[in-house]
Every structure is written in structure tokens, then in C-alpha cells.
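Remarks on the structure that follows.
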Amino acid sequence: LAGTRIICDRKFLLECKNSPAARTPPCCPPQTPGVTSLAQSSLAKLEELKERNESEEAVPGEQHRDTGR
């Protein structure tokens, strides 16, 4: 069996939980679309849904027809 086994005691792990570094988020996380930020396609879709909802609220008497089917 290859590899190194790291053994930490309970006291050390509990102290790490309260450390200031564990409480602050990283200053410059990498921007990964779909993981740490919304994907561009998701942003476009959200904008489209927002506009559609606003237009439906503006005209409450009309029913929305889905022309995609």
C-alpha cells in the first residue's frame, strides 16, 4: 500500500474549526461557469424568464400561449 496517512487528534481538529482562516471565504476564488458562478446560458435564460414574468404581470387579463409546441 502506497501513500501517506495523516493522523490528527480531536483537539487539533476542533481548534481548526474556530480558526479565523476557516471563517472567511477565499478572497479570489476561480470563476467556473455553472459551479462558482452562473453559466452564461443560465444568465440569458434567467433574463428571458424575468422578462416573460414581467410581461405576464403587466397584462393580467390575457392568457399566456406557449408557441414552442
**OP:** Answer with yes or no whether L1 is at pLDDT below 75 and surrounded by 10 or more Cβ atoms within 10 Å (Cβ to Cβ).
**Re:** no
Original post:
Inside the range 8-27, can you point out the residues that are modelled with pLDDT of 80 or more and assigned to a loop (DSSP other than H, G, I, E, B)?
Top reply: C8, D9, N18, S19
**OP:** Report the residue count in the range 35-49 for those that are within 11 Å of the chain's Cα centre (by Cα) and modelled with pLDDT of 75 or more.
**Re:** 1
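The values are calculated or read from the model by the stated rules, or taken from the named source; none is laboratory data. Predicted model, so just to flag it, every value in this text is computed and none were measured. Glycine gets a Cβ as well: all are built from the backbone with ideal geometry, and neighbour counts include every protein chain shown.
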